[in-house]
């Protein structure tokens with residue numbers, strides 16, 4: 001099917017749909033380094049422009065609309081979150097394209113925290129908006145570890161089917177719920193950055209290790225999937241980076257990308273802090289592939 005991708009980032013969600021046999025015909029993001037990364041690895045069909053400035057008529061007709069509208073304003077990790085956060089309103093751009101283009105299906109991805117924002121009122125409003133746009137909607141929280149990603153990452157996946165199609169979509173069944181991939185095993189083939197290698201982006205933050213139990217300062221168990229990779233901080237520095245499973249340093253960008261299930265030859269553009277942020281913002285391609293596989297090919 002022909003797919004349009006909004007808030008694409010580096011294309012983790014898009015990679016999954018491509019691997020499942022679909023075609024991404026148009027994509028959009030406003031993070032310049034992420035757009036450069038997308039063009040290098042995925043394709044030149046991404047448009048670097050503010051979605052609020054792109055009329056729906058400039059977006060090609062398509063079968064599936066996909067996107068993870070920016071979630072910082074929704075995240076439970078952001079103690080200042082609230083319904084007034086202007087970033088929360090970016091979902092309205094997704095809704096606008098959905099209303100105007102009326103694709104057969106849509107997929108919206110977001111942090112689990114969006115469901116509890118303002119005691120669930122914001123999420124209820126979003127679901128009501130999607131329903132009013134002409135779609136039968138269902139949602140479910142999926143854990144990326146259940147689909148072979150070496151990371152415990154819970155995200156709410158909203159599926160929509162245009163009401164005139166008289167069909168339903170079910171979320172993908174777990175493939176690894178009883179055999180999670182450990183982070184130690186996932187990174188076992190990657191040498192230390194100081195050793196001889198030909199890997200791209202194999203540079204790590206020298207930020208001092210801490211073990212206080214807080215996000216980014218937890219000891220990592222090599223025999224389990226990693227904690228959630230985050231994009232807290234910005235491309236200028238200060239990004240929160242997980243410990244390596246040996247707990248002797250922070251993960252390199254290459255290792256963090258592997259934690260997100262990106263292929264080893266996927267090259268990220270920008271400085272290391274920017275690359276960390278791009279990785280943390282992404283949908284794991286393995287999870288994306290599982291989601292993409294529920295859709296018919298035509």
Turns out the helices (runs of 4 or more DSSP H) fully within region 196-298 with at least 1 residues that are more than 23 Å from residue 157 (Cα to Cα) are 253-259, 272-281
Identify, please: which residue in region 16-29 is surrounded by fewer than 18 Cβ atoms within 10 Å (Cβ to Cβ) and without any contact (Cβ under 8 Å) to a residue 60 or more places away in the chain and is, among those, nearest to residue 260 (Cα to Cα)?
-> 23
How about region 181-195: which of its residues are closer than 21 Å to residue 13 by Cα and in a loop (DSSP other than H, G, I, E, B)?
-> 181
For residue 126, work out the one condition from (1) in contact with a helix residue (DSSP H, G or I) (Cβ under 8 Å, 6 or more places away or on another chain); (2) at pLDDT 80 or above; (3) more than 25 Å from residue 53 (Cα to Cα) it doesn't fulfil.
-> (3)
What residue, of 120, 160, is more than 16 Å from residue 16 (Cβ to Cβ) and surrounded by fewer than 18 Cβ atoms within 10 Å (Cβ to Cβ)?
-> 120
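The values are calculated or read from the model by the stated rules, or taken from the named source; none is laboratory data. As the structure is a computational prediction, the values presented were derived from the model and not from experiment. Note that each Cβ is placed from the backbone with ideal geometry, even for glycine, and that neighbours are counted across all protein chains shown.
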